[in-house]
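We did not get these values from a lab; they are worked out from the coordinates using the rules stated. Note that the structure is predicted; figures quoted are calculated from it, not measured. So basically every Cβ, Gly included, is an ideal-geometry build from the backbone, and we count neighbours across all protein chains shown.
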Amino acid sequence: MTTLTLALAYGGLLPTTLAVVIVGRDVALSFAAFFIRWATLPGPKTCKRYFDLSIPSVEVRPTVISKWNTALQLVLMGATLASPVFSVPADFVGLVGLQWLTGATTVVSGLGYLTSKDAVHRLTKAEVAKRLPKPPILPKRK
């Protein structure tokens, strides 16, 4: 989505401001994920343990608005790609309305991850223990 958004903005088919909002939200959520991972990683905190995905620390649950936002972004990208093919002007009210709606849901979705108590769940020690891979049971040697 990021590459397509940047390419469409570079080509003048998508407003630069909207591209900044879409990509900015993704970048902000990525930085937040890196921070949350480090803050919730059980000790000892090392780079090796940080990138060891078998050590869970948080669970991120997509919000309803972020699911709608993803759908709207996909529809917008498809409509924007198709607009030159079907000679739809850039200022066509339907396309502009879709851009505004997508921009609004992008902002609300990003804020929702930051403010929702249900979006990011810090795992308890018991939940972490359940999710850790179990060592294989080896047959006894005779």
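Cβ-Cβ contacts under 7 Å between residues 6 or more apart (or on different chains), taken from a first residue in region 1-17 that is touching a residue at least 40 places away in the same chain (Cβ under 8 Å) and within 14 Å of residue 76 (Cβ to Cβ) to a second residue that is in a helix (DSSP H, G or I) and not aliphatic (A, V, I, L, M), are listed as 1/73; 8/80; 13/80; 14/5; 14/80; 15/99.
Of the residues making up region 98-115, those that are closer than 11 Å to residue 61 by Cα and out of contact with any helix residue (DSSP H, G or I) (no Cβ under 9 Å at 6 or more places or on another chain) number 0.
Residue-level analysis places residue 44 outside the set of residues that are in contact with a helix residue (DSSP H, G or I) (Cβ under 8 Å, 6 or more places away or on another chain) and either farther than 17 Å from residue 119 by Cα or in contact (Cβ under 8 Å) with a residue 60 or more places away in the chain (or both). Among the residues of region 110-142, those that are part of a loop (DSSP other than H, G, I, E, B) and of a type in the set (A, V, I, L, M, F, W, C) comprise 119, 123, 132, 137, 138. Within region 131-140, being loosely packed, with under 10 Cβ neighbours inside 10 Å and either touching a strand residue (DSSP E or B) at 6+ places or on another chain (Cβ under 6 Å) or among the charged types (D, E, K, R) (or both) holds for 134, 140.
If you go through region 88-124 and keep only what is free of Cβ contacts under 8 Å to residues at least 24 places away in the same chain and surrounded by fewer than 11 Cβ atoms within 10 Å (Cβ to Cβ), you end up with 89, 91, 93, 94, 97, 115, 117, 124.
Within region 6-48, being among the hydroxyl-bearing types (Ser, Thr, Tyr) and more than 30 Å from residue 124 (Cβ to Cβ) holds for 10, 16, 17. Here 60, 21 are screened, and the one residue that is among the aliphatic types (A, V, I, L, M), touching a residue at least 40 places away in the same chain (Cβ under 8 Å) and in contact with a Phe, Trp or Tyr (Cβ under 9 Å, 6 or more places away or on another chain) is 60. Among the residues making up region 46-78, those that are charged (D, E, K, R) and over 18 Å from the mean Cα position of the chain (by Cα) are 48, 49, 52.
Only residues that are in a helix (DSSP H, G or I), loosely packed, with under 14 Cβ neighbours inside 10 Å and of a type in the set (S, T, N, Q) were counted in region 24-50, giving 1.
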